[in-house]
Amino acid sequence: MSWYEERRADRAAEAAERRKDLAAEREQRRKDQEQAAELRRREERERRTERDRRKAARRERRAALITRLLGEGDTIAALVVMACSIIPAAYFQLTALAAVPGLPVGIAAALTIMLEAGAWVATFAAERAKRLGRPVGRFRAAMWGCAALAASINYTHAPASAHNWLAYVLAAASLGGVFFWELRGAGRHGGKAGRTLAERREAAARRRHALARRFRFRDVHRRYREILTAHPFGMVAPEQAWATAWTDVKGGPLGTDATTLARRLKAVRSVEAVTADTATTPEAAAVELLLADLFGPYGGGDGPASGAPVPAPQNGPQNGGTIVQTRREDTVERLTTLERKGMRRSGRTAPKTPEKEPTKADIARVRKLAQALGGADRLSARNVREALGCAQAYAVRVRDAVRAEDA
């Protein structure tokens with residue numbers, strides 16, 4: 001390679017190097033510009049986020065303030081009324097006291113402030129005592145005493161007016177501030193004024209119940225008071241003490257005495273007498289009640305129930321309808337509940353049912369009876385016969401069919 005060619009190659013290499021350096025500088029400037037733009041965008045996002053956060057905080061504080069003001073609406077209104085009543089009342093009190101000969105204006109102002117401030121000291125002290133659940137009687141007495149004295153001064157020394165109306169207005173202004181503050185407190189704190197209608201009704205019902213107990217069962221109430229007095233205070237619940245007093249005086253559980261027990265035993269004996277007259281055992285009566293509960297008062301038997309109306313025959317009444325039996329006919333001809341189930345007073349079963357296969361309806365009724373008794377193994381021919389009002393052989397076939405299905 002000649003010198004010229006080497007020189008040309010070196011210049012070409014230098015030019016390529018310069019181009020590469022320029023491209024690298026341009027790439028670096030581009031990256032720097034992108035970094036600067038990204039930094040500006042990040043700062044803008046942070047400023048916007050901070051601005052939105054401050055706006056949200058201001059909205060929250062404003063909403064909380066509005067909520068608080070709305071919740072304290074009665075207090076704000078009471079303060080407005082108090083200011084509007086204190087200003088004229090204090091002014092006319094000061095005018096009346098300053099008009100007294102020999103009484104300096106400063107002393108008149110001090111007396112006016114004493115009356116007004118004394119009433120409000122007692123008012124706010126009563127408010128705090130009410131919140132803490134303490135007695136407020138003495139504070140209210142001082143409050144209304146100061147307010148009444150200020151009202152008397154304004155009433156007796158009010159400027160002349162037609163029918164003396166201004167005296168009444170100034171006296172009401174002296175009393176209005178504490179009155180409306182008390183009205184505001186009555187709606188915020190407990191007591192009769194703070195209870196709901198349901199709570200007041202429940203309290204009245206409890207009082208009536210206590211009075212009814214006291215005057216209806218005087219002997220039990222005396223024993224009840226003895227039990228509560230004998231035990232340490234609060235150690236015995238009132239209802240427990242009443243139940244114990246009832247047992248001590250009446251000799252039975254709560255609500256039961258000798259009269260009610262005798263009435264109950266008399267009713268039991270009447271039921272036993274009826275079952276004895278109809279030759280029915282207690283077990284059969286229990287099964288009869290169970291069957292009546294399962295199948296209804298008109299269930300059982302192949303024919304209509306004795307309590308249900310009987311359709312009129314063709315040669316009966318001209319207009320159709322049902323046959324109305326007399327009491328005598330009903331007494332003689334109506335079947336008893338057990339007779340509807342297949343039993344007669346003599347103990348003989350109902351007429352035999354013709355040989356036939358058990359029907360699906362009878363199987364379903366006996367299956368219900370088995371479920372009520374606790375299983376098909378507890379079925380007997382007797383209770384199946386009583387349930388269906390059928391013959392013994394048919395009852396056995398139905399019972400065996402139900403047992404076969406459950407097996």
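Quick rundown of the values:
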{"read-out": "Residues (free of Cβ contacts under 8 Å to residues at least 60 places away in the same chain and surrounded by 15 or more Cβ atoms within 10 Å (Cβ to Cβ)) located in segment 374-392", "value": "Ala376, Leu379, Ala381, Arg382, Val384, Arg385, Ala391, Gln392"}
{"read-out": "Tally of residues being among the small types (Gly, Ala, Ser) and farther than 20 Å from Ala158 by Cα across segment 77-101", "value": "2"}
{"read-out": "Criterion violated by Ala158 - all others in (1) within 38 Å of the chain's Cα centre (by Cα); (2) part of a loop (DSSP other than H, G, I, E, B) satisfied", "value": "(1)"}
{"read-out": "Test: residue in segment 98-110 that is surrounded by 13 or more Cβ atoms within 10 Å (Cβ to Cβ), of a type outside the set (Gly, Ala, Ser) and touching a residue at least 12 places away in the same chain (Cβ under 8 Å)", "value": "no"}
{"read-out": "Qualifying residue in segment 113-122 (condition: free of Cβ contacts under 8 Å to residues at least 40 places away in the same chain and among the β-branched types (Val, Ile, Thr))", "value": "yes"}
{"read-out": "Cβ-Cβ under 6 Å pairs, at least 6 apart or on other chains, segment 131-154 side at pLDDT 85 or above, far side loosely packed, with under 12 Cβ neighbours inside 10 Å and part of a helix (DSSP H, G or I)", "value": "none"}
{"read-out": "Filter pass, Ala12 being among the small types (Gly, Ala, Ser), outside the structural domain of Val169 (by TED's automatic domain parsing) and free of Cβ contacts under 8 Å to residues at least 24 places away in the same chain", "value": "yes"}
{"read-out": "Residue match in segment 59-75 (condition: surrounded by 10 or more Cβ atoms within 10 Å (Cβ to Cβ) and not in a helix (DSSP H, G or I))", "value": "yes"}
{"read-out": "Test for Arg207: is it surrounded by 13 or more Cβ atoms within 10 Å (Cβ to Cβ), part of a helix (DSSP H, G or I) and outside the structural domain of Cys84 (by TED's automatic domain parsing)", "value": "no"}
{"read-out": "Candidates Glu202, Glu182, Glu127, filtered to the one that is modelled with pLDDT of 80 or more, not hydrophobic (A, V, I, L, M, F, W, C) and not assigned by TED's automatic domain parsing to the domain that holds Ala96", "value": "Glu202"}
{"read-out": "Any chance Leu69 is under 30 Å from Val178 (Cβ atoms) and out of contact with any Ser or Thr (no Cβ under 8 Å at 6 or more places or on another chain)", "value": "yes"}
{"read-out": "Residue within segment 217-228 that is assigned by TED's automatic domain parsing to the domain that holds Ala96 and assigned to a loop (DSSP other than H, G, I, E, B) present", "value": "no"}
{"read-out": "Which listed residue, of Arg134, Arg213, Arg201, Arg140, is of a type outside the set (A, V, I, L, M, F, W, C) and in a loop (DSSP other than H, G, I, E, B)", "value": "Arg134"}
{"read-out": "Residue check for Phe139: among the hydrophobic types (A, V, I, L, M, F, W, C), closer than 15 Å to Trp181 by Cα and surrounded by fewer than 19 Cβ atoms within 10 Å (Cβ to Cβ)", "value": "no"}
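Listed here are the residues, each with its yes/no results for (1) surrounded by 12 or more Cβ atoms within 10 Å (Cβ to Cβ); (2) farther than 18 Å from Leu175 by Cβ.
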position: Thr95; (1), (2): yes, yes
position: Met114; (1), (2): yes, no
position: Gly118; (1), (2): yes, no
position: Ala129; (1), (2): yes, yes
position: Trp144; (1), (2): yes, no
position: Ser152; (1), (2): yes, no
position: Thr156; (1), (2): no, no
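The values are calculated or read from the model by the stated rules, or taken from the named source; none is laboratory data. Everything quoted here is computed from the prediction, not taken from an experiment. Ideal geometry is used to build each Cβ from the backbone, glycine not excepted, and the neighbour counts take in all protein chains shown.
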